[in-house]
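A short worksheet on the structure shown next.
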Amino acid sequence: MRVRRRTLLAGVATLVAVSVPSGVVWTQYASAARMGPLTPAPGAATKEARPDIHLHVEHAGRLADLNVKLDGIDLTRRLRRVDDGFRLVGVPMADGRHRVQLRARSTGLFGGEVRRDWSFEVDTSVPPLVIAAPRGTWAPGSTVTGRTEPRAAVTVTWKGGRAAATPDATGRFRVPLELPQGLTRVRIETKDRAGNRRATFRVVRLDSVRPKIAAPTGWVRWQRTTASPTFGAAVSDATAVRYEATLDGEAAKAEPRPGGGFDLQMQDLGQGEHELVVTAIDAAGNRTAVRRRFGVDTTDTLSNDLTLGPGARGGDVRAFAERLQRDGWLKGSLPEVYGPRLIAAVERYQRRNGFEADGVARPAILAATAGKVVVVKHQFRAYVHKDGRVVASFPVAIGSPEFPTPTGSFTIVSKIKNPTWIPPNSPWAKGLEPVPPGDDNPLGPRWIGTSATAIGFHGTPADASVGTAASHGCLRMHFADVKRLYDLVEVGMPVEFQA
């Protein structure tokens, strides 16, 4: 069997050699039609609504039984034979994807079925172009951002430069630019796969240079003549500049100078060190900050209207430290500088007495530590302590057995001259009306309220009750005595009610 098969193949080869004596006869009978390039190419896009469909075919005459469909519609009769194949011209097409199917038979010795199936896209719409930035304002960097058709090409051109980007799947794009400082007109163009274009223009305002702050004025390391110094500096920039300022972490206001720069007037600064930060911000958002630490030391005399803070020094600091030491808040030697030991002592005092624990001795703290009021109930007497000694004492009426004066530590929370008496929410005051200031007012000429609920020092028309347990819990005093006590005490001063 193997021998016979080899013999048969050899005979066929001999027969072919004899039957096809020349190249002409071989081409005529053996060549098959071959498909060349397709227009539009498979997967391509065209902006023509009536695209020219060109089927490049080598040896097109060898095709028989040709059939062409466009989107399933037989258009074979509309095919035009050309030198290099066939063309389908003038067929209107809607935007979208279209499919071409070709079926034919190639004649000749090596002929056979010919099948081509491809698709392309018609897109006659101009792509959108929405610019998000620039917006016509100054910016520290030059970048064009926006939205267009996905897969479109975005190109930005300007005098002397060009940049491009491809949008993401949502059509958003970002094109960084390398532009000179100042104003530059740029052209932004989007071009989709079909060749449709749209363009627009923008002016980019580029300023990546930070403002320059010259040497500051009005600043010395220690302010010894005023607690309200003025700090300023000259500032230069190509655009308008605004200012942000903080003093010890709190917002402050820097006033712009007409010629460029700022001045900042500080008011009633506390004794001690302070930090001032002023930031110059130009129209593009570039920022330059100047930071200065300085101290205020305008007095050595302690008074309750001062503010003492970290870094303060001198006799006022020592006197304040003596108060804290006297009342047990500060241990050890007396400092001359408001440092960590004094800060910690003040914080302990603040936490214990309901103040914000920031370690700064403001007037309320100084007033509170300046002295205290001690009421010894069994003596029916109030004592005013100042700087470690009793400076005054007064007889008082305390609460009756039914309405006793509390025992414990409190603070003075209010001071009112010529108060109006308001009946308290208590059964004993039911049906009573408010009494305006005057001789018949149950509170007399002064009210000194404490943190004990509804308990305070006040004058009384019932003068004979002073020195007895006769009140509804308050401390009644003679008119002259309560006026003097009013002048001796401050809001925040401790009050102790002892048995």
Query raised in the report: For the cross-link pairs Lys331/Lys417; Lys372/Lys483; Lys430/Lys483; Lys377/Lys483, which exceed 27 Å when the distance is taken from alpha carbon to alpha carbon?
Result: Lys331/Lys417; Lys430/Lys483
**Report entry** Ile412, Ile398, Ile455 arranged by Cβ crowding within 10 Å, fewest neighbours leading
**Finding:** Ile455, Ile412, Ile398
Query raised in the report: For the chain, what is the mean residue ellipticity at 222 nm derived from helices alone (per DSSP H run of n ≥ 4: -39500 (n - 2.57); sum divided by total residues; nearest 500 deg cm²/dmol)?
Result: -4000 deg cm²/dmol
Requested in this report: Any lysines with Cα under 22 Å of the Lys212 Cα? List them, leaving off those in the same chain fewer than 8 positions away.
Outcome: Lys253
Query raised in the report: Once the Cα atoms of helix 315-326 and of the chain are each reduced to a long axis, what angle between those two axes, in degrees from 0 to 90 to the nearest 10, is obtained?
Result: 80 degrees
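If you keep only loop residues by DSSP, which chymotrypsin sites (Phe, Trp or Tyr not before Pro) in segment 68-158 have at most 12 other Cβ atoms within 10 Å of their Cβ? List each step's numbers first, then the result.
Values: sites: Phe86, Phe110, Trp118, Phe120, Trp138, Trp158; in loops: Phe110.
Counting only loop positions with at most 12 other Cβ atoms within 10 Å, the chymotrypsin sites (Phe, Trp or Tyr not before Pro) in segment 68-158 are Phe110.
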Requested in this report: Kindly express, to the nearest 10 degrees and within the range 0 to 90, the angle between helix 340-352's C-alpha long axis and the longest C-alpha principal axis of the chain.
Outcome: 80 degrees
Query raised in the report: Could you give the distance between the Cα centres of segment 119-144 and segment 352-415, to the whole Å?
Result: 74 Å
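If you filter segment 336-427 for GluC sites (Glu not before Pro), then keep DSSP loop positions with at most 14 other Cβ within 10 Å, what is left? If you can, show how the numbers build up before the last one.
Numbers: sites: Glu336, Glu347, Glu356, Glu402; in loops: Glu336, Glu356, Glu402.
Loop-located and lightly packed - Glu336, Glu356, Glu402.
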Query raised in the report: In straight Cα distance, which lysines are under 18 Å from Lys191, not counting same-chain residues fewer than 8 positions off?
Result: Lys47
Report task. Treat the count of other C-beta atoms within 10 Å as a stand-in for reagent exposure and order Met493, Met93 from fewest to most. Result -> Met93, Met493
**Report entry** Neighbour cut-off at most 13 other Cβ (10 Å), DSSP loop, chymotrypsin sites (Phe, Trp or Tyr not before Pro), segment 363-423
**Finding:** none
Requested in this report: Could you pull the Cα extents of segment 212-296 along its three principal axes, largest to smallest, in whole Å?
Outcome: 39, 23, 17
Requested in this report: Please give the length that would be gained between Val435 and Arg185 if that part of the chain were fully extended, namely 0.36 nm times their separation in residues minus their C-alpha to C-alpha distance (nm, one decimal).
Outcome: 82.1 nm
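Sort Val278, Val220, Val91 so the one with the fewest other Cβ atoms within 10 Å of its own Cβ comes first. Write out the running numbers ahead of the final one.
Numbers: Val278 24, Val220 10, Val91 16.
If I rank by nearby Cβ atoms, fewest first, I get Val220, Val91, Val278.
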Report summary line: Honestly the chain on the Cα gyration tensor test (a ≥ b ≥ c root eigenvalues; a/c under 1.5 rounded, otherwise a/b vs b/c for prolate or oblate) is just prolate
Query raised in the report: Roughly what angle does helix 2-19 make with the longest principal axis of the chain, taking Cα atoms, 0 to 90 degrees, to the nearest 10?
Result: 70 degrees
Report summary line: From the Cα centre of segment 92-113 to that of segment 256-314, the distance in Å is 85 Å
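Taken together, the values in this text are just the output of simple stated rules run on the coordinates, not laboratory data. In this text, all values refer to a predicted model and were calculated from it rather than measured experimentally. We place every Cβ from the backbone using ideal geometry, glycine too, and count neighbours over all the protein chains shown.
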